[in-house]
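Scroll down for the structure; my scribbles are underneath it.
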Amino acid sequence: MRKFFSYFSIALSDAFVYKAAGFIWMLNDIGPAIVGLIFWKAAFNSSVNIGGYTLQSMIFYYLGIMLVNTLVATHPQYDLSDQIRSGNFSKYLTKPINITTSKIAGSIAWRVIRFIYLLPVILLINIYLYKSNQGFSYLNLNIIFLTLSLIMAFLLNFFIKMSLGLATFWFTEAGWLFFTYRIINTFLSGELIPLDLFPQSVFNLISYLPFKYMLFFPLSIALNKQSYLNTVQGLLIQLFWCLVFYLIYKLVLKKGIKVYEAYGN
Amino acid sequence: MRLMVTKKLRYLKLYKAFFKNCLIREMEFRSHFIIQNIVSAVWALIVLVTFLFIFNHVSSVNGWDLHSMLLLTAIYFLVDRIFDSLFEINLWDLTTLVNTGNLDTILTKPVSSQFMVSLRKFSFSMFFSNLAMIGLIIYLIINFYSPISFIQIISFLILIICSIVITYSLWFISVLPIFWWGRLDNIHHLFRPFHQLGRVPIDVTGSLKPFFTYIFPLAFVSTIPAQAIIGNLSYWLLFYGIIISIVLLVISNKLWNFSLRYYTSASS
């Protein structure tokens, strides 16, 4: 645990050095959601209800997407990929540094910085909620389920991205893989449009895939859109995918180290 | 006059050499080429599909129905991919060039340095996507927007060029602060979130529409070219598009020359 905190504080100060870079990444994170919001606002000019959403709930949805994404969507794969290519990865093999712990600590540090950037936005949302009296209350939130699902969403994200990053052992240039994953994920996690606007059969299918559990599912808990039973069922599926990708990550790591050539070291 | 022609020819010849060079490189990694092409086409298809889903629930947004939205999206991706292939790959490199001091080698060449940094590389990742988008645009024209006049086609093509030039100029300007803030190694992503606004009809921005048409002309990214095909384009905008493209390109060049004065050539 002490080690974890030192990784964390190193990564935190590292992330602080790149404050402005972090700001640009944040703009890129929230950009699509803002464009989505602008589009929907116009769409609701002609109809009050679109697929069960009102303008109000749609705004909540996209703001929620921004928040959940900021909290859980880590990108350790780029750095990892660089380390493997440059030979820097050797430090995980020769020094007593645990790759999983240090990468998780680094990812959390970056999330903290991103979250700080979003604080003004969160404050604005709260002022808006307070003034407009929308009946949204933090007391209605199921904090335990929400926290659980956010933590698992973070881990799921982390293990998937780490496995993708480790693919660099075999491909050397894995950028296309990250991009492929990103576009599939944007579509199937609910980042582009709410998943419940998809045709029912597609939506049902998506419920068995991991993507939904990194964004749409935690958000549904936060927005109180699900029955108790559905939430518990969803948490179990989420746990299942977490374990699956944890095992995949471990396996890829084990096999990858065997083919690792440690260039430059 | 003669001198100007030979000068232009030199640039063309140079670009041909760049292009050939990149083609040779690309053909070395053929599987990479095919994968990149498939991925960029899939991304466009995914966005098109989301609009199919959205328009299951609404019939039109600010007067834009499903077909015009698909047209707009196809144009957005067509222009975006052309921009990617010609320029974006180079703008990525600019950060490294400035930070490592390698820009020196470009500045010492007897051609425009902006030309060199903007067009040195060509990416081949756009072919599948663009074939698909051109196919979709033609399909939409034949089925929903015909008969289409010759003037409409010409204005559409001019506006596509304007769209590329405007995107390039704004994007290029947005990377220039790298000369002051060297640490900002992701500055080529700064313009992307703004550019995203080109993915939706500019009419949805409501009262900000004049701003995004005349001052920060994101309307020309895809909305106005689409209007040329749909047939509700006011020809004043075609005229304005040409003017603003030239103006922005000139501004980008002026700012480039201004920024170069602050180049410290890191290593030498």
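The values are calculated or read from the model by the stated rules, or taken from the named source; none is laboratory data. For clarity, every value in this text was computed on a predicted model and none was experimentally measured. Positions of Cβ are generated from backbone atoms using ideal geometry, with glycine treated the same way; all protein chains shown enter the neighbour counts.
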The lone exception for A:N230 - which of (1) in a helix (DSSP H, G or I); (2) closer than 21 Å to A:T70 by Cβ it fails:
(2)
Go through segment B:180-203 residue by residue and tally those that are more than 8 Å from chain A (Cβ to nearest Cβ) and more than 12 Å from A:G36 (Cα to Cα).
6
Picking from A:L27, A:L55, which residue would you name as being surrounded by fewer than 20 Cβ atoms within 10 Å (Cβ to Cβ) and either among the acidic types (D, E) or at the interface with another protein chain (Cβ under 7 Å from one of its Cβ atoms) (or both)?
A:L27
Say whether the condition of being more than 7 Å from every other protein chain (Cβ to nearest Cβ) and under 18 Å from A:I116 (Cα atoms) is met by at least one residue in segment A:31-46.
no
State all residues of segment A:178-192 that are more than 12 Å from the chain's Cα centre (by Cα) and farther than 18 Å from A:S163 by Cα; if no residue qualifies, say none.
A:F187, A:L188, A:L192
Just one of A:V244, A:V259 is surrounded by fewer than 19 Cβ atoms within 10 Å (Cβ to Cβ), of a type in the set (A, V, I, L, M) and modelled with pLDDT under 95; which is it?
A:V259
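Results for (1) β-branched (V, I, T); (2) touching a Pro at 6+ places or on another chain (Cβ under 8 Å); (3) within 14 Å of another protein chain (Cβ to nearest Cβ), shown as yes or no for each residue.
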site	(1), (2), (3)
B:K7	no, no, no
B:L12	no, no, no
B:K16	no, no, no
B:E26	no, no, yes
B:H32	no, no, yes
B:V39	yes, no, yes
B:L45	no, no, yes
B:L48	no, no, yes
Does any residue of segment A:51-66 turn out to be within 20 Å of the chain's Cα centre (by Cα), under 30 Å from A:E173 (Cβ atoms) and either at pLDDT 90 or above or not acidic (D, E) (or both)?
no
May I ask you to say which residue of A:T172, A:T186 is within 16 Å of A:V72 (Cβ to Cβ), touching a residue at least 40 places away in the same chain (Cβ under 8 Å) and out of contact with any Asp or Glu (no Cβ under 6 Å at 6 or more places or on another chain)?
A:T186
Mind checking which residues of segment A:189-200 are free of Cβ contacts under 8 Å to residues at least 24 places away in the same chain, in contact with a Phe, Trp or Tyr (Cβ under 7 Å, 6 or more places away or on another chain) and outside any loop (DSSP other than H, G, I, E, B)?
A:L195
Selection within segment B:115-170 - aliphatic (A, V, I, L, M), surrounded by 15 or more Cβ atoms within 10 Å (Cβ to Cβ) and closer than 30 Å to B:M27 by Cα:
B:M116, B:V117, B:L119, B:M126, B:A132, B:M133, B:L136, B:I137, B:I160, B:I161, B:I164, B:V165
If only one of B:S59, B:S129 is in contact with a Lys or Arg (Cβ under 6 Å, 6 or more places away or on another chain) and at negative phi, which one is it?
B:S129
From the list A:Y249, A:Y213, A:Y228, pick out the single residue that is within 28 Å of B:T50 (Cβ to Cβ) and among the hydroxyl-bearing types (S, T, Y).
A:Y213
Hey, can you tell me all the residues within segment A:36-77 that are among the aromatic types (F, W, Y), in contact (Cβ under 8 Å) with a residue 40 or more places away in the chain and out of contact with any strand residue (DSSP E or B) (no Cβ under 8 Å at 6 or more places or on another chain)?
A:Y53, A:F60
Those residues of segment B:50-89 which are surrounded by fewer than 20 Cβ atoms within 10 Å (Cβ to Cβ) and among the polar types (S, T, N, Q) amount to B:T50, B:N56, B:S59, B:S60, B:N62
Filtered residues of segment A:1-35 (kept if touching a His at 6+ places or on another chain (Cβ under 9 Å) and either among the polar types (S, T, N, Q) or in contact (Cβ under 8 Å) with a residue 24 or more places away in the chain (or both))
A:W25, A:N28
Looking at B:S174, B:S169, can you tell me which residue is assigned to a helix (DSSP H, G or I), free of Cβ contacts under 8 Å to residues at least 24 places away in the same chain, of a type in the set (S, T, N, Q) and over 23 Å from B:M69 (Cβ atoms)?
B:S174
